[in-house]
1. If we scan segment 43-50, do we find a residue that is of a type in the set (Val, Ile, Thr) and free of Cβ contacts under 8 Å to residues at least 24 places away in the same chain?
2. In segment 90-104, what residues are farther than 16 Å from residue 136 by Cβ and without any contact (Cβ under 8 Å) to a residue 24 or more places away in the chain?
3. Which of the residues belonging to segment 223-237 are free of Cβ contacts under 8 Å to residues at least 40 places away in the same chain and in a helix (DSSP H, G or I)?
4. For residue 104, only one of the following conditions fails: (1) of a type in the set (S, T, N, Q); (2) crowded, with 16+ Cβ neighbours inside 10 Å; (3) over 17 Å from the mean Cα position of the chain (by Cα). What is its number?
5. Any chance segment 74-88 includes a residue that's among the polar types (S, T, N, Q), in contact (Cβ under 8 Å) with a residue 40 or more places away in the chain and either touching an Asp or Glu at 6+ places or on another chain (Cβ under 8 Å) or not assigned by TED's automatic domain parsing to the domain that holds residue 114 (or both)?
6. Hey, any hits in segment 133-153 for a residue that's in the same structural domain as residue 18 (by TED's automatic domain parsing), of a type outside the set (A, V, I, L, M, F, W, C), touching an Asp or Glu at 6+ places or on another chain (Cβ under 6 Å) and farther than 19 Å from residue 21 by Cβ?
7. Which one is surrounded by the most Cβ atoms within 10 Å (Cβ to Cβ) among residues in segment 1-37 that are without any contact (Cβ under 8 Å) to a residue 24 or more places away in the chain and more than 18 Å from residue 79 (Cβ to Cβ)?
8. Are there any pairs with C-beta distances below 9 angstrom linking a residue in segment 207-222 that is assigned by TED's automatic domain parsing to the domain that holds residue 241 to a residue that is among the acidic types (Asp, Glu), with the two at least 6 apart or on different chains, and if so which?
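The values are calculated or read from the model by the stated rules, or taken from the named source; none is laboratory data. Fair warning: this is a prediction, and the values are worked out from it, not measured in the lab. Glycine gets a Cβ as well: all are built from the backbone with ideal geometry, and neighbour counts include every protein chain shown.
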Amino acid sequence: MTIRIDLKEVEPLIDRLLSIGEEFGKNDSYWSHLKNKEDWGQFIYSFSDGSKKAIAERIYCEGREMGLSLAYDLGSINFDLTKYPNLTAIVHKFDGGWVHEDLTYILEEAKEAANSIIGYTWAFNEMLRTFQEQIDLAAVVKQTLNLLKSSDLYKLENGMPVEKEQTQNIHIAQVSNSNIAVNSSNVTQSFNINEQLFEDILKAISESDIEDKTPLVAATEGMKAANRTGSLGETYKKFISAAASHMTIVAPFIPALTTLL
């Protein structure tokens, strides 16, 4: 996916938001399927108490509305310049919305209401699971927006001071049989490579129920190799693209990966 030119400086983070937006969009058809083609009706008609029925129905109503809203808002970041003229507008578009609201109480209330009838149905359980996945994805969106707030581009747009990077010179003398270029400038060495992070990601993929793990494994291995040379950017974008349909599995690792960009 080509990111608009004015956002190139924060391209990996924008790419992440777009990928999450696609995931929310995919959920919409599943919400519809669960409501209309599974045993959701059987579950809802089991309630004799109208108030408890309404509480249970919020799982579907709020879940689908949340998914549709965030799918559109995140998906339009890359092309709707009227709504998102700059990075600042993107960051603040989500203030006070689904991303910042604690929705876990909807899950808990629905479960409590369901306990008053015979039992859960498959559709209800799937709605609970999908709702929780969307909460997790929203948390990643929130974390990404906070990272964007700390970017130089956001700071420049808002008249905030930007710290200049300082180049440190490392002088090495009297070293033999070394791969480090002695008395050379602009030599970059990579230290403290977090190999364990990538091993943990590979383990999570291996233990998941993803049907075709090969693309995601390959993307992770690509990041692992690129990180040794300090060029994670492009491979991270490929990883996010490969993980677009599996964000709930990789989401716990994204904050740590971001620190390596």
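1. Of all residues in segment 43-50, those of a type in the set (Val, Ile, Thr) come to 44.
Okay, now just the ones that are also free of Cβ contacts under 8 Å to residues at least 24 places away in the same chain, so 44.
Looking for residues that are of a type in the set (Val, Ile, Thr) and free of Cβ contacts under 8 Å to residues at least 24 places away in the same chain, one finds at least one in segment 43-50, hence yes.
2. Scanning segment 90-104 gives 92, 93, 95, 96.
3. 223, 224, 225, 226, 227, 232, 234, 235
4. Among (1) of a type in the set (S, T, N, Q); (2) crowded, with 16+ Cβ neighbours inside 10 Å; (3) over 17 Å from the mean Cα position of the chain (by Cα), the lone unmet condition for residue 104 is (2).
5. yes
6. Of the residues in segment 133-153, the ones in the same structural domain as residue 18 (by TED's automatic domain parsing) are 133-153.
Within this subset, residues satisfying the condition of being of a type outside the set (A, V, I, L, M, F, W, C) are 133-134, 136, 142-144, 146, 149-152.
Restricting the remaining residues to those that are touching an Asp or Glu at 6+ places or on another chain (Cβ under 6 Å) gives none.
No, that holds for no residue.
7. Per the criteria, the residue is 33.
8. 222/234
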